[in-house]
Amino acid sequence: MSLYEQWKEELENQTDETFEAFWSKYSSGETKIYSSILGEGNPVIQGNIKELAEKYEVDPVIFMGFLDGINTSLRTPLELGGLKDQDSITLDIDFEKLYFNMLQAKADYLYTLEEWNSILSEEKRQEITKAYKRSKTVVKEKKTGRNDPCPCGSGKKYK
């Protein structure tokens, strides 16, 4: 069974009683990984999954959960389905996209990390936050009302 399948199975098998402990374990591991990556400031991370999990002091299955989350923020996404713990991977992180995705995931414990200060300027983070908020704004299209000009362009009144 691949690590990704183990990760999905672990997610699906959570009960109301175990979910809180599982989420606490996962989010603390995820915070530790992101703090380290942002602290280093290097957008390219290489190694095999087992070594990287040991480097960031997390279980390989939890590291796979991290990879599942960061995959959309990579310049070249990984094919997670068949990864085993000895497989070598290269993560090329787009930090701006990562920050946007953290906002989208409502992961305030991640996008408020102090380490972001050395990666993105305050102005850049505000710009990304504005772009995120704009993407959430719903624009309602104006309906054609009775006796308005017909949208087909005939010049007649719309009924």
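Every number here is computed from the coordinates shown, using simple stated rules; none is lab data. This one's a predicted model, so the numbers in the text were calculated from it and none came from an experiment. Don't worry about glycine lacking a Cβ; one is built from the backbone with ideal geometry, like all the others, and counts go over all protein chains shown.
Compared with the alpha-carbon gap, the fully stretched path from C152 to S27 is longer by 39.6 nm at 0.36 nm per residue. A straight Cα-to-Cα reach below 20 Å connects K130 with the lysines K97, K106, K140, residues fewer than 8 places away in its own chain not being considered.
Residues considered: D148, D92, D16. Largest GNM mean-square fluctuation over the chain, using C-alpha springs under 10 Å, is found at D148. Among S36, S118, S135, the largest mean-square fluctuation in a Gaussian network model of the chain, built with springs joining Cα atoms closer than 10 Å, belongs to S135.
Using amide H atoms built 1.01 Å from N in the peptide plane, name the residues 5+ places from N48, or on other chains, whose amide H lies under 5 Å from its own. Distant-sequence amide H within range of N48: I89. Counting only lysines at least 8 places from K156 when in the same chain, those with an alpha carbon closer than 18 Å to its own are K143. Relative to the current alpha-carbon distance between K143 and L11, full extension at 0.36 nm per residue lengthens the span by 43.1 nm. Here the Gaussian network model covers the chain, with springs between Cα atoms less than 10 Å apart; of N42, N117, N13, N13 fluctuates the most. Counting alpha carbon pairs within less than 8 Å and at least 6 residues apart, what relative contact order, in whole percent, applies to the chain? Relative CO of the chain lands at 23 percent.
In this calculation the C-beta distance from K55 to L78 is compared with R0 = 22 Å, giving a FRET efficiency of 0.80.
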